[in-house]
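The structure appears below as structure tokens.
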Amino acid sequence: MSSQHPDKDVDDEIEFHLRELTDSLIAQGWDEVSARREAERRYGDRRRHAATMRSLHQRPSERRRGLRAIAEAVSQELRFVVRGLRRAPAFTVTAVATLALVTGANLTMFGIADGLMFRPLNYLKDPSTVYRAYWQWQDRGRPLTSASTQYTRFVDFERDTTSFAGIAAFADRNVPIGDGRQAQERRIAAISGSYFDFFDARPVRGRFFTASEDQVPRGADVAVLGYRFWQAHFNGADVLGQVLRIGDMRATIIGVAPDGFDGVSDAVPPAAFVPITSYAASTGTSDAKTYFSAYRWGWVHLLLRRRPDVPLSAATEDATRVFRASWPRYVADNGQIPPLATANPRAILSSVRLGGGPTSGPEAQTSLWLLSVAFAVLAIGCFNVINLLLARALSRTHELDLKRALGIGTGRLMLAAVLEAAVLSTLAGVTALAVAELLRFGLSPALESLRIADLSVFNDRRTLLAAAALVVVITAIVGLLPALFLRRSGHAAGLRGGMRAGQSSGRRVRAALLFAQALLSVVLLVGAGLFVRSLIAANYSRLGYDVDHVLLVNRVIQAGGFDTDMQRTLREDLLRTASGLPQVESAAWMSSAPFVSTSSTDLHVPGIDDANALGPFTFQATTSDYFRTMGTKILRGRPLADTDGAGAPEVAVVSESMARTLWPDRDAIGACFRMRSVDSPCRTVVGVAEDIVQRTLADGPRLHYYVPIDQYPRTFGNGMLLKLRGEPARLAEGVRLELQRVMPASAYLVTQPLATIVAGQQASWRLGAAVLSGFAVLALVVAGVGLYGVIGYEISQRRREWAIRTALGADRAAIVKTIVGRSVRLVVAGVVPGLLIAAAFGRWVRPLLYQTSGFDPPSYVVAAVAMIAVALVASALPALRASNVDPQAALRG
């Protein structure tokens, strides 16, 4: 193709192709006119083909010159943008600071939600094919979902499924590690020999154990240490071959896991990994002998790797088939399980992380909700900066239109607007990393209770990628409106009207952006108010017991266990020793502790066909000082007494809700019920106690009762509740050491303040209140700054108008009232729909709240008042400045 006449050559080539196609059609019997028309139809868009041919035939040197021209234009505009931002430091700092704050907030929430729900496990091979098995069934009309099951199901899956390339069992447990007084409770992972095959990890010392060391009924007593535990307790020394007591095992250390390898850990990183069969067989319980053959002990989780050629739906059906096949045996081994036809059990293959699966807790749900709130904060910040950029563009209208008149195209000006947004968002993105790190530090108390280990943004590739993505998104959002404004504005009006040109359309756009800011800010304020009210309710509502001075003391008995007489003797010795300590006010033995463990059994009530259908009843087997120790009030009747021992008439104290549920038409005092079977003695109710929170802080039935521990010999209890004369956190270790003197060499005590346990239950509300309050304050500040900036800009542009009004005798108070009134009306216009939107979201967020309605009136009132107050302050300052303008100076200017 000739380079001297490229357009003619392209036309000639197209004509050649059309002529060839026309001749071909004529040869097939078409007439010449019809053949030509058909040839043009088949050839398609002639102009598009011409453009493609010109591009293909363009010389490389010409293409390079075109690219160089584009690069040179970008470079020139970038230098101009940087110089302009340096000449306007107030604007630059305000815009960067605003975007950095909202971007940092988003990065913080991304790190929290990612850590709880989405982040792939370290070293996990091909995460897209790996799932955790969840189990779902119906029980008395209620859907139940669990992440744990019996070890026998792991055996079933290994033997009977065909859809999985790998199956592993695992369980996290807290056990004492070490000997004597040096023993400390640590988290360990009991895992099957196939577990390590799911990961691409190599030990830094020694080796991992294999399937041959994980055989029923008991595997080898070996352990692989976690890297952090190895560094903290052995200083990285050579520990291979050493024997370490781990729970009831004396395990030989055979390896050390690599740094960052935590396996499938939903809590703190494991201190050690041990064969799951070794752990199960060493527990010294009755389940230790039958864990691999009976369907009673539900304690393991299953990790599954789907075969690449099997769809997820088929793998789920395969898992459900095996799950259902074992259900009759499960019913036979457990007395309270509904039959197959009623239960309709099924398996679910879902997220490896519990926070992303069907059993996700309120912390994960709250973090996901807060992530969406963070996007709203980002929108508020972007709207604010867009307002600033529009005001900046309007102030430069005359300059920009002169450029157009001199031949600089609109595309070049739009490029400058986008580059300005890119520079601002990039600077904000870099600053946001430091903001996110500071926010993470500020939220550390809430994050510590969630056990999110490391959320540092500077060494996290996923957070850095999220920051880069946010920079691109902000550039697109912030650069779009100013660029469109430049495209639509014409140069003639600008040359005629000067800086006042285009103000009316710009004012409408800025008003719409302020309206959106006010709307979103009110929604955030309402959300913050709801979570703060929930946290206050969780902190100050009566749980049915006192929290502040109670210490939970659990005993851990090593292999071999104790017989009945030894259990009773140890209990009496510990209670006697504890009661004699000067730090202890009272002590009680217990079978379960709030939020830690729950005791339940079948209940049979004369006159009621199926009492268990009325709700889940839980009980506490305890000693007589329980109510004094916990501070639980007796409303009617009497508490348990020392005389309610073995051989005495069997008695019980029931909660007020239980009394109301079972005996609604009579006084519960004197009524009776049977535990476990209809053949057991009828237990007389001697007292009614206030309701307590046992399982969860969420609203639910409080059907709880108390029986003397000597009258329920099926449980020996797990430890004590101590009421201390001081702070449990300060006194706990001293009390433990004194009580440890009573313990046999093969048993240990571990302590935990009840307040710490309760605080863990409040984590979701603490996180929601802290983050949403911060977001709401940030939204108010950003909205206030935006309103102040817009009002201040409009006043500066209308300075002559205010001067003329003042010179003509206008009242200064009237000027202030006019300006403030317009601003408040604009904000109120956003507040009203914002409250309506918040009410619509109230029903959605209600399950995440505690004793707080999604339509809580104080939260809505405070949100509206706060937003209007910010509008008053933000508009009053520039309004006062406008009312004090000197007419002569303004008119001369």
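Looking at the range 347-361, which of the residues that are of a type in the set (G, A, S) and part of a strand (DSSP E or B) is modelled with the lowest pLDDT? Ranking the qualifying residues of the range 347-361, first place goes to S350. Residue check: G260 meets all listed conditions (1) free of Cβ contacts under 8 Å to residues at least 40 places away in the same chain; (2) loosely packed, with under 15 Cβ neighbours inside 10 Å but one, namely (1). Whether a residue is modelled with pLDDT under 70, charged (D, E, K, R) and either in contact with a strand residue (DSSP E or B) (Cβ under 9 Å, 6 or more places away or on another chain) or open to solvent by 30 Å² or more (accessible area, probe 1.4 Å) (or both) was assessed, and R79 does not pass this test.
The residues in the range 460-481 that are more than 16 Å from T103 (Cβ to Cβ) and modelled with pLDDT of 70 or more can be counted, and the count is 2. The residues listed here are A646, A729; of these, the one that is surrounded by fewer than 17 Cβ atoms within 10 Å (Cβ to Cβ) and assigned to a loop (DSSP other than H, G, I, E, B) is A646.
Conditions tested, residue by residue: (1) of a type in the set (F, W, Y); (2) surrounded by 14 or more Cβ atoms within 10 Å (Cβ to Cβ); (3) under 40 Å from the mean Cα position of the chain (by Cα).
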site	(1), (2), (3)
V654	no, yes, yes
M658	no, yes, yes
W663	yes, yes, no
D667	no, no, no
R674	no, yes, no
S677	no, no, no
V686	no, yes, no
A689	no, yes, yes
P701	no, yes, yes
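Within the range 653-679, the set of residues being of a type in the set (D, E) and in a loop (DSSP other than H, G, I, E, B) comprises D665, D667, D679. Of the numbered criteria (1) open to solvent by 10 Å² or more (accessible area, probe 1.4 Å); (2) within 30 Å of L439 (Cβ to Cβ), the one G768 fails is (1). Filtering T359, T277 for residues that are of a type in the set (V, I, T) and touching an Asp or Glu at 6+ places or on another chain (Cβ under 7 Å) leaves a single hit, T277.
Every listed requirement among (1) open to solvent by 20 Å² or more (accessible area, probe 1.4 Å); (2) closer than 28 Å to D197 by Cα; (3) part of a helix (DSSP H, G or I) is met by Y330 save one, (2). Scanning the range 113-172 for residues that are part of a loop (DSSP other than H, G, I, E, B) and polar (S, T, N, Q) returns N122, S148, T161, T162, S163. The condition of being under 36 Å from the mean Cα position of the chain (by Cα), modelled with pLDDT under 80 and part of a loop (DSSP other than H, G, I, E, B) holds for Y850. Applying the condition of being of a type outside the set (A, V, I, L, M, F, W, C) and open to solvent by less than 30 Å² (accessible area, probe 1.4 Å) to the range 333-346 and asking which residue is modelled with the highest pLDDT yields P345. Put simply, of D287, D266 the only residue that is at pLDDT below 90, open to solvent by 50 Å² or more (accessible area, probe 1.4 Å) and not basic (K, R) is D266. Check the range 113-127 and report whether any residue there is among the charged types (D, E, K, R), open to solvent by less than 60 Å² (accessible area, probe 1.4 Å) and out of contact with any Cys (no Cβ under 8 Å at 6 or more places or on another chain). Yes, the range 113-127 contains at least one residue that is among the charged types (D, E, K, R), open to solvent by less than 60 Å² (accessible area, probe 1.4 Å) and out of contact with any Cys (no Cβ under 8 Å at 6 or more places or on another chain). A232 satisfies every condition listed in (1) aliphatic (A, V, I, L, M); (2) open to solvent by 40 Å² or more (accessible area, probe 1.4 Å); (3) touching a residue at least 60 places away in the same chain (Cβ under 8 Å) except (3).
The values are calculated or read from the model by the stated rules, or taken from the named source; none is laboratory data. This one's a predicted model, so the numbers in the text were calculated from it and none came from an experiment. Backbone-built Cβ (ideal geometry, glycine too); neighbour counts: all protein chains shown. Surface accessibility is based on the protein's heavy atoms, side chains included, excluding ligands, DNA and RNA. Shrake-Rupley method; radii C 1.70, N 1.55, O 1.52, S 1.80 Å.
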